[in-house]
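Q: Can you read through this structure? Questions will come right after.
The values are calculated or read from the model by the stated rules, or taken from the named source; none is laboratory data. Predicted model only: the values in this text are computed from it and were never measured. Here the Cβ positions follow ideal geometry from the backbone for every residue, glycine too, while neighbour counts run over all protein chains shown.
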Amino acid sequence: MSAKKISFILSFLFFVIFHLNAQERIVTGKVTTFEKYGLNNVSVTAKKSGSEAFSDTAGYYTITCNANDKLIFEANGFFKERTNLKKINPGDSVNVNLKIKSGEKNIEVATGYGHIDKDKLTHAIEHAESNDDFSNYNSVMEIIDDKFTTVRRGVNSFNNNEPLYVVDGTVVQLSVLKNIPTSQVKSMNLLKGASASARYGSRGMNGVIVIETKSTTD
């Protein structure tokens, strides 16, 4: 075989391999927070191709990228998320749930950039819906950490950041929460600021976690 033919075959194989690796893929999906609220204007960037798209007011997006690309989801005030398309079947929606960073400042940033309405975000932060399936969590504290990201917990020698815990109308110690089966949790609410002080005085200065458990008739 002549050197010219070998060169042609190698060039052809290189073209085929390059074409296969660079196959385009149209990806659609939805970006949410708290597993249900659509986020607006979230940046969706494909790492390999460099293409970028933004979610609409309902959280939906469409992006054209390489078949095996990696998508990066970014929104002001939220933690960044990455998704590897190699692990997702072509044609499947790529839905991502972004968690908001703790602190009032990040709430202002998230709403100020128009990612989500402030009233909707405040409600999401302050209330874990009663129809949530809490049985998938390992402990009540894990539910609190996941649902109420703005709550600061932990005790040190200088300051007690622990919120007040109220279960079925009774103020309880942290040790009591650890013994509550997550499958028995019906709902959770977070009271902060004036709403906490009005009902619990200075005891509620770090926030109040109000937990309702399921009765035998639920």
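Q: Return the only residue of Asn66, Asn76 being of a type outside the set (A, V, I, L, M, F, W, C), within 16 Å of Phe34 (Cα to Cα) and surrounded by 12 or more Cβ atoms within 10 Å (Cβ to Cβ).
A: Every option except Asn76 fails the conditions.
Q: Scan Ser175, Ser195, Ser187 and give me the residue that is exposed (fewer than 13 other Cβ atoms within 10 Å of the Cβ) and modelled with pLDDT under 90.
A: Numbers: Ser195 fails: exposed (fewer than 13 other Cβ atoms within 10 Å of the Cβ); Ser187 fails: exposed (fewer than 13 other Cβ atoms within 10 Å of the Cβ).
Only one candidate qualifies: Ser175.
Q: Give the number of residues within region 94-104 that are surrounded by 11 or more Cβ atoms within 10 Å (Cβ to Cβ) and either in contact with a Gly (Cβ under 8 Å, 6 or more places away or on another chain) or modelled with pLDDT under 85 (or both).
A: 7
Yes/no per residue for (1) of a type in the set (Gly, Ala, Ser); (2) within 30 Å of Lys48 (Cβ to Cβ); (3) at pLDDT below 85; (4) not in a loop (DSSP other than H, G, I, E, B):
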| position | (1), (2), (3), (4) |
| --- | --- |
| Thr83 | no, yes, no, yes |
| Gly91 | yes, yes, no, no |
| Ser157 | yes, no, yes, no |
| Tyr165 | no, no, no, yes |
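Q: Which of the residues belonging to region 58-77 are within 24 Å of Gly112 (Cα to Cα), of a type outside the set (Val, Ile, Thr) and modelled with pLDDT of 95 or more?
A: The answer is Ala58, Gly59, Tyr60, Tyr61, Phe73, Glu74, Ala75, Asn76.
Q: Could you list, in sequence order, the residues of region 113-152 that are modelled with pLDDT of 90 or more and within 19 Å of Asp56 (Cβ to Cβ)?
A: Across region 113-152, the qualifying residues are Tyr113, Gly114, His115, Ile116, Asp117.
Q: If only one of Ser43, Ser55, Ser49 is surrounded by 15 or more Cβ atoms within 10 Å (Cβ to Cβ), at pLDDT below 95 and either on the phi < 0 side of the Ramachandran plot or outside the structural domain of Gln23 (by TED's automatic domain parsing) (or both), which one is it?
A: On the way: Ser43 fails: at pLDDT below 95; Ser55 fails: at pLDDT below 95.
Step by step, each of Ser43, Ser55, Ser49 is checked, and only Ser49 is surrounded by 15 or more Cβ atoms within 10 Å (Cβ to Cβ), at pLDDT below 95 and either on the phi < 0 side of the Ramachandran plot or outside the structural domain of Gln23 (by TED's automatic domain parsing) (or both).
Q: Residues that are outside the structural domain of Lys186 (by TED's automatic domain parsing), part of a loop (DSSP other than H, G, I, E, B) and either among the aromatic types (Phe, Trp, Tyr) or in contact with a Lys or Arg (Cβ under 8 Å, 6 or more places away or on another chain) (or both): does region 114-128 have at least one?
A: Within region 114-128, none of the residues are outside the structural domain of Lys186 (by TED's automatic domain parsing), part of a loop (DSSP other than H, G, I, E, B) and either among the aromatic types (Phe, Trp, Tyr) or in contact with a Lys or Arg (Cβ under 8 Å, 6 or more places away or on another chain) (or both).
Q: Can you work out which of the residues in region 83-93 that are more than 19 Å from Asn41 (Cβ to Cβ) and free of Cβ contacts under 8 Å to residues at least 24 places away in the same chain is surrounded by the most Cβ atoms within 10 Å (Cβ to Cβ)?
A: Selected residue: Ile88.
Q: Pairs please, first residue from region 161-172 and without any contact (Cβ under 8 Å) to a residue 12 or more places away in the chain, second anywhere and assigned to a strand (DSSP E or B) and surrounded by 13 or more Cβ atoms within 10 Å (Cβ to Cβ), Cβ atoms under 6 Å, 6+ apart in sequence or on different chains.
A: Note: pairs meeting the criteria are Val172/Tyr165.
Q: Hey, can you tell me all the residues within region 78-137 that are among the small types (Gly, Ala, Ser) and over 19 Å from Cys65 (Cα atoms)? Walk me through it before giving the result.
A: Narrowing region 78-137 to residues among the small types (Gly, Ala, Ser): 91, 93, 102-103, 110, 112, 114, 124, 128, 130, 135.
Hits for region 78-137 are Ser102, Gly103, Ala110, Gly112, Gly114, Ala124, Ala128, Ser130, Ser135.
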